[in-house]
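**Student:** Dropping a structure here in structure tokens format, bear with me for questions.
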Amino acid sequence: MLNGRVAVITGGSRGIGAAIAHRLASLGMGVAILYAGNHDAAQDVCARCNAEFGTVARAYACDVSDFSAVKCTVAAIKQDFGGVHLLVNNAGVTRDGLAAMMKEEDFDRVLDINLKGAFNMIRHVTPLFLRAKEGCIINISSVSGLMGNAGQCNYAASKAGLIGLTKSVAKEYAAKGIRCNAIAPGFIKTDMTESHADNPLLSMIPLGHMGDAEDVADAVVYLATAKYVTGEVLRVDGGIAM
């Protein structure tokens, strides 16, 4: 079902994004990876997709918070691949701190990348979907967007916003054959969560351990192929947000 199709993955150079790229490539999808600054890591992901899975994978440097840069990047992807079938909005950053002491630029930067970046991608990829009369969007949210999290008001707000964005886009484009869903990971073992190794919330995970990036990648595959699911938020969290 996914073989020969093309996926665009933001934040695809490491962690969850890299795991998603590898998983989709293993199913025969062409992969376009957007990355912010780590050129070598992005090239490594593409090299593995090419060598191990025999699919076409290319990396594009792009600040997803920049509306014009996203427009140019999507145009380049269209030229290179001919079209897009799946968009995974995974790019995200954290700038943690208590609300009472958070710097304005830290709040703005997290919202600009995590939320506005997803909008920018949807805005410029959706015309390709409309012409093809099909498409799938998967936004990587977080259980922080469902529960809130002390010290992460900016991050939680951005991820909650993604859920609202997901449901609105799902309603707007369902009649056009375009589905939009979200995944809300809990504590997943990545570079970004290394600083949370001693977080007391870990003891509240019913399954008793952190998840792997591959767990999120599996959820992406499900939503990419679940043709009767749209507007859904799928938790991949070990049960912490029950």
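**Student:** Do we have any residue at all in segment 52-65 that's modelled with pLDDT of 95 or more, of a type in the set (S, T, N, Q) and either assigned to a strand (DSSP E or B) or surrounded by fewer than 20 Cβ atoms within 10 Å (Cβ to Cβ) (or both)?
**Tutor:** no
**Student:** Go through 68, 26, 13 for me and flag whichever is within 25 Å of residue 237 (Cβ to Cβ) and either surrounded by fewer than 19 Cβ atoms within 10 Å (Cβ to Cβ) or modelled with pLDDT under 95 (or both).
**Tutor:** Answer to the selection: 26.
**Student:** Now, a different point. Residue 40 - would you say it is acidic (Asp, Glu) and under 18 Å from the mean Cα position of the chain (by Cα)?
**Tutor:** Criteria not met by residue 40.
**Student:** Report, by residue number, each residue of segment 196-240 that is touching a Cys at 6+ places or on another chain (Cβ under 8 Å) and open to solvent by 80 Å² or more (accessible area, probe 1.4 Å). It would help to see each step written out before you state the result.
**Tutor:** First, pick out the residues of segment 196-240 that are touching a Cys at 6+ places or on another chain (Cβ under 8 Å): 223-224, 230-231.
Matches in segment 196-240: none.
**Student:** Take segment 145-184 and flag every residue that is in contact with a strand residue (DSSP E or B) (Cβ under 7 Å, 6 or more places away or on another chain), among the hydroxyl-bearing types (Ser, Thr, Tyr) and under 23 Å from residue 210 (Cα atoms).
**Tutor:** Once the filter is applied, which keeps residues that are in contact with a strand residue (DSSP E or B) (Cβ under 7 Å, 6 or more places away or on another chain), among the hydroxyl-bearing types (Ser, Thr, Tyr) and under 23 Å from residue 210 (Cα atoms), segment 145-184 yields nothing.
**Student:** OK, next. Looking at 32, 41, which one is in contact with an Asp or Glu (Cβ under 8 Å, 6 or more places away or on another chain) and open to solvent by less than 30 Å² (accessible area, probe 1.4 Å)? Lay out the reasoning, then the answer.
**Tutor:** Values: 41 fails: in contact with an Asp or Glu (Cβ under 8 Å, 6 or more places away or on another chain).
Checking each option against the conditions leaves just 32.
**Student:** Quick one: count up the residues across segment 202-232 that are more than 21 Å from residue 177 (Cβ to Cβ), of a type in the set (A, V, I, L, M, F, W, C) and not in a loop (DSSP other than H, G, I, E, B).
**Tutor:** Selection size over segment 202-232: 6.
**Student:** With the structure loaded, tell me whether residue 195 is of a type outside the set (Phe, Trp, Tyr), assigned to a helix (DSSP H, G or I), more than 14 Å from residue 138 (Cβ to Cβ) and modelled with pLDDT under 95 or whether it fails that test.
**Tutor:** Values: of a type outside the set (Phe, Trp, Tyr): yes; assigned to a helix (DSSP H, G or I): yes; more than 14 Å from residue 138 (Cβ to Cβ): yes; modelled with pLDDT under 95: yes.
So residue 195 fits the description; yes.
**Student:** Additional query: As an exercise: evaluate residue 144 against (1) small (Gly, Ala, Ser); (2) closer than 14 Å to residue 118 by Cβ; (3) touching a Phe, Trp or Tyr at 6+ places or on another chain (Cβ under 9 Å) and give the number of the one condition it does not meet.
**Tutor:** Looking at each condition in turn, residue 144 falls short on (2).
The values are calculated or read from the model by the stated rules, or taken from the named source; none is laboratory data. Bear in mind that the values here come from a model prediction, so they are computed numbers and not experimental data. All Cβ positions, even for glycine, are placed from backbone atoms using ideal geometry, and neighbour counts span all protein chains on display. Ligands, DNA and RNA are excluded from the accessible area calculation, which covers all protein heavy atoms including side chains. Shrake-Rupley method; radii C 1.70, N 1.55, O 1.52, S 1.80 Å.
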